[in-house]
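Asker: Please see the structure below; I have some questions.
The values are calculated or read from the model by the stated rules, or taken from the named source; none is laboratory data. This structure is a prediction, so every number in the text was calculated from the model and none was measured. Counting neighbours? That spans all protein chains shown, and the Cβs are built from the backbone with ideal geometry, glycine included. What goes into the accessible areas is simple: the full protein's heavy atoms, side chains included, and nothing from ligands, DNA or RNA. Shrake-Rupley method; radii C 1.70, N 1.55, O 1.52, S 1.80 Å.
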Amino acid sequence: AINLASTWDTVLVKRVASAISTEARLKYLEIGKGLTYWSPTINMARDPLWGRNEETYGEDPHLTSRLGVAFVKGLQGDHPTYLKTVATIKHFVANNEENNRFSSSSQIPTKQLYEYYFPAYEACVKEANAQSVMTAYNAFNGVPPSGSHWLLDDVLRKEWGFDGFVVSDCGAIGVMNWQHWVVNSLEEAAALGVNSGCDLECGTTYKEKLVQAVEQGLISEAAIDRALTRVLTARFKLGEFDPMELVPYNHYKKLLAGKKFAELAYEAAVKSVVLLKNDALLPLNKEKIKSVAVVGPFADYNYLGGYSGQPPYSVSLLKGVKELIGKKGKVTYLNGMGTSADSIAQVVKGADIVLVALGSDEKMARENHDMPSIYLPEEQEKLLKEIYQVNPRIVLVFHTGN
């Protein structure tokens, strides 16, 4: 997602999302996979250490709004009756920390909520008619979103006109009891969630405790029926209960992992590359370059993100350079981690250009784990310095979601 944001291209983002939803339909027809997708993540990436920055469109509320609207429209399609898939905008609201997300409370003035944290959600609801919203784990101003009547009913439904269903992040209903301590039992947590407007739970608290909550007088059956109606309405809009031939999105063929979408993925990848600095070394002239050293832990490793799928094929930097240079030049490769200075010098010395591939992956930043520092891992920084001492003709290719 952060790469898509780097394109600044709403039309491209919508095309990508449309391709995703087409493949989603194909998987639905092939193996019965569900049609509700927990995307896009439109949280504000306000902290560069946040472990899930790679899933977002960055820190700007306007850019995120425009890209979020485009992505939701691409996922849900433009048919007047049927949804292609259901888009779930998440995590509502103010989720940009992982390490303490189950128990933390983000203290945010109402003005800041409306000016910074709300705009992308409001736009996706009002302009793209997003049909699902996921609540966050963290509390805001002492109130967990899954239990906030003000957030889910007053703001989301009454102010913005949201007519879809709200789903909790996984386990977030139980967290209201055993982490945030805003209720004294799981029965109370289940009742608080549904009564506040959280219609569906990822987890087991609703399944195991809602009947007891009704018996204890904590919630009415009518409140549960209201939540159930909202969830089932989305499934009707997907055409799940209609004859297959009536739903236009059930007639795709031969597009799954095909050439058309591969070309689109390539276009998005090319447009997503960001040039941070250039000391007159770029662009490279491949006709004049006869020897290339490709070095680093990401040289022959494509990290695509924590929630990315696994493509049927993948071209690493090393593989791409070898294909580009071909038999006309020499390509040497070294991972470089734990390698002696002499070995590094042997690979990079005399090369016309050194491509150094560094960055971060799920070992350093991911869901439930924030980055410990904004700096490169010490071993990677050491590698870069050792290369520079031998051959300063370096292009740093930085792979990171943070």
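Asker: Considering each of Gly193, Gly203 in turn, give the residue that is on the phi > 0 side of the Ramachandran plot and at pLDDT 95 or above.
Answerer: Just a single option satisfies the conditions, and that option is Gly203.
One line per residue, one yes/no per condition, for (1) more than 22 Å from the chain's Cα centre (by Cα); (2) open to solvent by less than 50 Å² (accessible area, probe 1.4 Å); (3) at pLDDT 90 or above:
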{"residue": "Lys322", "(1), (2), (3)": "yes, no, yes"}
{"residue": "Leu334", "(1), (2), (3)": "yes, yes, yes"}
{"residue": "Ala341", "(1), (2), (3)": "yes, no, yes"}
{"residue": "Ala345", "(1), (2), (3)": "yes, yes, yes"}
{"residue": "Val356", "(1), (2), (3)": "yes, yes, yes"}
{"residue": "Gly359", "(1), (2), (3)": "no, yes, yes"}
{"residue": "Arg366", "(1), (2), (3)": "no, no, yes"}
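Asker: Quick one: count up the residues across segment 214-263 that are part of a helix (DSSP H, G or I) and crowded, with 16+ Cβ neighbours inside 10 Å.
Answerer: Total meeting the criteria: 12.
Asker: Among Leu49, Leu26, Leu83, Leu75, which is closer than 30 Å to Ile173 by Cβ and either of a type in the set (Gly, Ala, Ser) or touching a Leu at 6+ places or on another chain (Cβ under 6 Å) (or both)?
Answerer: Step by step, each of Leu49, Leu26, Leu83, Leu75 is checked, and only Leu83 is closer than 30 Å to Ile173 by Cβ and either of a type in the set (Gly, Ala, Ser) or touching a Leu at 6+ places or on another chain (Cβ under 6 Å) (or both).
Asker: Continuing with the same structure: Test Pro392 against the stated conditions and say whether it is open to solvent by 50 Å² or more (accessible area, probe 1.4 Å) and part of a loop (DSSP other than H, G, I, E, B).
Answerer: Taking the combined requirement at face value, the residue satisfies it.
Asker: Out of Leu63, Leu12, Leu49, which single residue is surrounded by fewer than 22 Cβ atoms within 10 Å (Cβ to Cβ) and closer than 21 Å to Ala262 by Cα?
Answerer: Residue meeting the stated conditions: Leu12.
Asker: For Pro144, all conditions in the list (1) open to solvent by 50 Å² or more (accessible area, probe 1.4 Å); (2) over 24 Å from Leu75 (Cα atoms); (3) not aliphatic (A, V, I, L, M) hold save one; what is the number of the exception?
Answerer: (1)
Asker: Here's a follow-up. Scanning segment 315-346 for residues that are touching a strand residue (DSSP E or B) at 6+ places or on another chain (Cβ under 6 Å) and assigned to a helix (DSSP H, G or I), which turns out farthest from Ala299 (Cα to Cα)?
Answerer: Per the stated criteria, the residue is Ile325.
Asker: I need the full set of residues from segment 344-390 which are farther than 14 Å from Thr400 by Cβ and hydroxyl-bearing (Ser, Thr, Tyr), in order please.
Answerer: Tyr388 - this is the single residue of segment 344-390 that is farther than 14 Å from Thr400 by Cβ and hydroxyl-bearing (Ser, Thr, Tyr).
Asker: Could you grab me the full set of residues in segment 271-286 that are open to solvent by less than 80 Å² (accessible area, probe 1.4 Å) and either free of Cβ contacts under 8 Å to residues at least 12 places away in the same chain or not in a helix (DSSP H, G or I) (or both)?
Answerer: Those that are open to solvent by less than 80 Å² (accessible area, probe 1.4 Å) and either free of Cβ contacts under 8 Å to residues at least 12 places away in the same chain or not in a helix (DSSP H, G or I) (or both): Asn278, Leu281, Leu282, Leu284, Asn285.
Asker: Does at least one position in segment 117-125 carry a residue that is surrounded by fewer than 24 Cβ atoms within 10 Å (Cβ to Cβ), under 30 Å from Asn177 (Cα atoms) and without any contact (Cβ under 8 Å) to a residue 12 or more places away in the chain?
Answerer: Looking for residues that are surrounded by fewer than 24 Cβ atoms within 10 Å (Cβ to Cβ), under 30 Å from Asn177 (Cα atoms) and without any contact (Cβ under 8 Å) to a residue 12 or more places away in the chain, one finds none in segment 117-125, hence no.
Asker: Quick one: count up the residues across segment 155-180 that are open to solvent by 50 Å² or more (accessible area, probe 1.4 Å) and in contact with a Ser or Thr (Cβ under 9 Å, 6 or more places away or on another chain).
Answerer: 2
Asker: Which of (1) at pLDDT below 95; (2) buried (at least 19 other Cβ atoms within 10 Å of the Cβ); (3) hydrophobic (A, V, I, L, M, F, W, C) does Leu376 not meet, given it meets every other one?
Answerer: (2)
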